[in-house]
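The values are calculated or read from the model by the stated rules, or taken from the named source; none is laboratory data. Note that the structure is a prediction, hence the values are computed from the model and not measured. No Cβ is skipped: glycine too gets one built from the backbone with ideal geometry, and neighbour counts run over all protein chains shown. Just so you know, the surface numbers come from the protein's heavy atoms only, side chains and all, with ligands and any DNA or RNA stripped out. Shrake-Rupley method; radii C 1.70, N 1.55, O 1.52, S 1.80 Å.
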There are 2 protein chains.
Amino acid sequence: MADNKKLVAEITSMDDDFTQWYTDVCIKADLIAYSHIKGFMVIKPYGYAIWENIMKLLDERFKKTGVQNVSMPLLIPESLLAKEGELVNGFAPEVAWVTAGGTEPLTERLAIRPTSETVFSDFYKDDVHSYRDLPRLYNQWCSVVRWEKETRPFLRSREFLWQEGHTIHATKEEAEERTQMMLRVYADFLAEDMAIPTIKGQKTEKEKFAGAESTYTVEALMHDGRALQSGTSHFFGQKFSKAYDITYTDKDNTLKYVWQTSWGLTTRTIGAMIMVHGDNSGLVIPPHIAPVQCAIIPIQQRKEGVLEKANEIKDVLSGFRVKVDDTDKSPGYKFAEQEMRGIPLRIEIGPRDISVGKCVLVRRDTGEKIEAPLDGIEQKVGEVLDAMQQEMLVRAEEHMNSLTSVAEDYDEFRAHFDKGNGFVKAMWCGDRECEDKIKEDLGVTSRCIPFDQEEISGKCVCCGRPAKKMVIWARAY
Amino acid sequence: MADNKKLVAEITSMDDDFTQWYTDVCIKADLIAYSHIKGFMVIKPYGYAIWENIMKLLDERFKKTGVQNVSMPLLIPESLLAKEGELVNGFAPEVAWVTAGGTEPLTERLAIRPTSETVFSDFYKDDVHSYRDLPRLYNQWCSVVRWEKETRPFLRSREFLWQEGHTIHATKEEAEERTQMMLRVYADFLAEDMAIPTIKGQKTEKEKFAGAESTYTVEALMHDGRALQSGTSHFFGQKFSKAYDITYTDKDNTLKYVWQTSWGLTTRTIGAMIMVHGDNSGLVIPPHIAPVQCAIIPIQQRKEGVLEKANEIKDVLSGFRVKVDDTDKSPGYKFAEQEMRGIPLRIEIGPRDISVGKCVLVRRDTGEKIEAPLDGIEQKVGEVLDAMQQEMLVRAEEHMNSLTSVAEDYDEFRAHFDKGNGFVKAMWCGDRECEDKIKEDLGVTSRCIPFDQEEISGKCVCCGRPAKKMVIWARAY
């Protein structure tokens, strides 16, 4: 097991330095590489395979609600971007500008899309004429560019992969329902497929998306007690439809403006997965999105029949994503690699196991060893993976609950954040000044006004004035 | 059927004006829309669903050969792009340049990727150390930007979607075999899934990819007799590995440069599909890549039991991609729409059909009407779709053969192209001057030196000097 220790020693302990642990895992688990250009990362095959599984599962959920995929232009003329003032003001400081095409300077600068509300609006303007054309429920999977100053793999980078849904509707009610529906899709996907519990709520005016009337969010809590915004859904009202003139003729033959939404989820969620489930041996990937669900590791693989049996088991497990590690590394090293890469289940099979018709299953999340008869192994593996998927969510929920506190006044509030991190529930008067003061004092931001409200006290935790809304506060990524 | 004629009348006849017919089909079959920015198109849901099917089927073929997907940065620093001289010279006139990030001008211009050999090379340089790390068989699905002057939907646009595979190998032989293997993957995919026959061959020095040692191509022939390059595979030798210093330590402990390939297929193939299979009623989509394979159209749908039966048939056909058109349009209009959109099979079901336990299947490619008992409909639909998939390829092959001629001398050669379009097989001495003269005289280019060589004559069709290579010539898109 000497080389096992060596590989594991290559990552910093998460208790010593969580930030360094995170970076180490991204690199050592082979998810990403840094590129030649600051803030742009290479997503390597193992990292991209996780994203492929996320895309597949989320896209299926979208399509069940009637969403269709499209492809919109990468570039946006400055004049088009500027039509809706709040959006351009929000994004102008972080847009990458194209100023030449080939050897010719352009007559107008083109932005690389930081988000595509403007492009979809410009398209919908000509695409929609009658109430019969509504709703339009379009989405695209693509990359966007935002010129961030500080960057970290998956969490904040100058280019990232995402999906952006953009819908238009005949009525306010329908658009509002779609905004909520997609937030539920995100929350369900994160819980059921990524085993990440979240709190659903509304962003404050300060924290909402530039140009939105209201922004809804699913907020997750990382292992270190910091929050990560993991998906957002925006209701635009008629702001864009009025700025871009998206009208339709209604049944009563009058011209009306459409109601609009957008919603997005990014490769950030891979960062969330790492920081919610990972441990000091590396990644732990929930079975639903694991590129490899079972690693079969033969013991004494040169002995007659061992590799054959390993491959036989692989064939029996054809309903799962399975790999046999038949390289010439030692079993200990293979174990460490499988753990680093967060492969949910290890199947150990050696001559002794074969002689008694058994193998050993080892769960990545708990380390639990399970002796399992080869007869019926397929069902057993299914059960263990299902249990792991469920229990990972339960543990993450328990962790989130254990790091969630309540504060009635500012002393309590400050004491929580002086001590460490986590979600703190506290009342808020609704004024931005209190948010600004809390940010200034403690580096803490309002994560959301949760849908599930509680009456903590009647007074704003910051200014003491009457308050009706409970807000979730945290330090955030 | 009045409104049927009206819808069909909206597209120009392909015999009157093939170019206009093509554009009409792209718009009327709902594949694309023009965007606010010249040369950039919106791929609408129906067009994108075709691309999704192409991606799925081609990606499966890639993965069977060991290819893995990754994501590489969108932007390339000018200095990195310039390291391999031929490539940058080839692409410099059509690169879009980013010169500002947010409010700050950049110290170095960044190119939006026109292709990613340079980015992959820069990545591989640090990623590969030992012969054990080879081969690397990476691919990405993304969009690229090339500042073309003349643009047409799918065929030539300033942004297009594609996949680009980039592999590195320990030996020349292995890289050459991979180059050929991926060309075969393209040819097989185009034939078996898109029903498009192609000719496999090598590009001449003049027509090869900038920076490649050799370029291989699959060339298809459109309905109007023009050629379309439908996929290319490049062998780079060690050009990039020497320019970007991609070395590995071999088994003999010496440092060696890797051997490299790249290969790509784009949304152009949707253009090929339109121009190979379409007719005067619109699109004809091969069943394998059709977003909707069967359109069930109820006749007298208000009569009791008709819609129920239509939906019942849909449920029975759950193994196919099926849609019931229960809108309040007339059946004639629905037929015309289904034809315009190229849905392979129409299933007509009305009260009279129900009373005798039958329905009518209508093939989109031949117009053939088939009475089919509802009992066993699933198997029948499968058979008809299979037959259609096969026969579409056979017809396209026959069309290609009927438009393929042989020319022994320049008079014959010129006569062919004066008369019209098509592939012409003729000998070539190997000199670029002859290619230039043929281009100048006739607007005809060498499509490839086919792998299947024939001995047409001993002399170059242009200059009359001795010639050993047979070339396929055509006017091309």
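Summary table
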| read-out | value |
| --- | --- |
| Taking segment A:91-215 and dividing mean pair separation by its residue count, relative contact order in percent (alpha carbons under 8 Å, at least six apart) | 18 percent |
| Cα-based Rg and Dmax for the protein assembly as shown, where Dmax is the largest Cα-Cα distance (Å) | 30.2, 98 |
| Two-decimal Rg to Rh for segment A:196-243 - Kirkwood Rh, Cα set | 1.09 |
| Approximate spin-label separation B:Ala92-B:Asp16, in nm, with each point projected 7 Å along Cα-to-Cβ | 4.7 nm |
| Inverse of mean 1/r across different Cα pairs in segment B:88-222, Kirkwood, Å | 17.5 Å |
| For segment B:67-81, Karplus couplings with θ = phi - 60° (6.51, -1.76, 1.60), whole Hz, Gly/Pro x | 6, 10, 8, 9, 10, 10, x, 6, 10, 10, x, 4, 5, 6, 4 |
| Relative contact order, percent, segment A:424-473 [alpha-carbon distance under 8 Å, six or more residues apart] | 56 percent |
| Positive-end extreme of charge dipole, the protein assembly as shown - chosen from B:Ala227, B:Phe40, B:Gly101 (charges on Cβ) | B:Gly101 |
| Rg in Å to one decimal, and Dmax rounded to a whole Å, for segment A:161-231 via C-alpha atoms | 13.2, 44 |
| Average beta-carbon neighbours from other chains, 10 Å sphere, peptide B:32-44 | 6 |
| Relative contact order for chain B, counting Cα pairs under 8 Å that sit 6 or more residues apart, in percent | 14 percent |
| Low-density loop cleavage sites - GluC sites (Glu not before Pro) in segment B:387-477, where at most 11 other Cβ are within 10 Å (DSSP) | B:Glu454, B:Glu455 |
| Heavy-atom accessible area per residue - chain A, 1.4 Å, Å² | 40 Å² |
| Pseudo-label separations to other copies for B:Lys83 - Cα-to-Cβ vector, 7 Å, nm | 4.2 |
| Net charge dipole size for segment B:312-366 [Lys, Arg +1 and Asp, Glu -1 on Cβ; Debye, nearest 20] | 160 debye |
| Computed [θ] at 222 nm, deg cm²/dmol, the protein assembly as shown (DSSP H ≥ 4; -39,500 (n - 2.57); rounded to nearest 500) | -11000 deg cm²/dmol |
| Dipole magnitude of the protein assembly as shown, debye to nearest 20 (Cβ charges: Lys/Arg +1, Asp/Glu -1, about Cα centre) | 440 debye |
| Residue among B:Gly319, B:Ala29, B:Met388 farthest towards the positive dipole end of the protein assembly as shown, charges placed on Cβ | B:Ala29 |
| Distance (nanometres) between label positions extended 7 Å along Cα→Cβ at B:Lys468 and B:Asp411 | 3.0 nm |
| Loop GluC sites (Glu not before Pro), segment A:312-371, which have at most 16 other Cβ atoms in a 10 Å radius of their Cβ (DSSP) | A:Glu368 |
| Cβ-placed point charges (K, R +1; D, E -1), dipole of segment B:61-155 about Cα centre in debye, nearest 20 | 560 debye |
| Low-density loop positions, trypsin sites (Lys or Arg not before Pro), segment A:438-475 - DSSP coil, at most 16 other Cβ in 10 Å | A:Lys468 |
| Cα gyration tensor, segment B:26-89 - rounded (a/c under 1.5), prolate or oblate | oblate |
| Estimated FRET transfer efficiency when R0 is 35 angstrom, pair A:Glu308-A:Glu192 (beta carbons, to 0.05) | 0.40 |
| Shielding by other protein chains, B:146-153, mean Cβ within 10 Å | 2 |
| Unit charges at the beta carbon, dipole of the protein assembly as shown: most positive-side option, B:Met181, A:Asn253, A:Phe120 | A:Phe120 |
| B/A buried area, accessible surface, summed, 1.4 Å probe, Å² | 3800 Å² |
| Rg to Rh, two decimals, where chain B supplies the alpha carbon set and Rh follows Kirkwood | 1.02 |
| Nearest-first distances (nm) between copies at A:Leu307, label 7 Å from Cα via Cβ | 6.3 |
| Label 7 Å beyond Cα on the Cβ vector: A:Asp245 copy-to-copy distances, nm | 5.6 |
| Fraction of accessible area attributable to carbon and sulfur, the protein assembly as shown (%, probe 1.4 Å) | 47 percent |
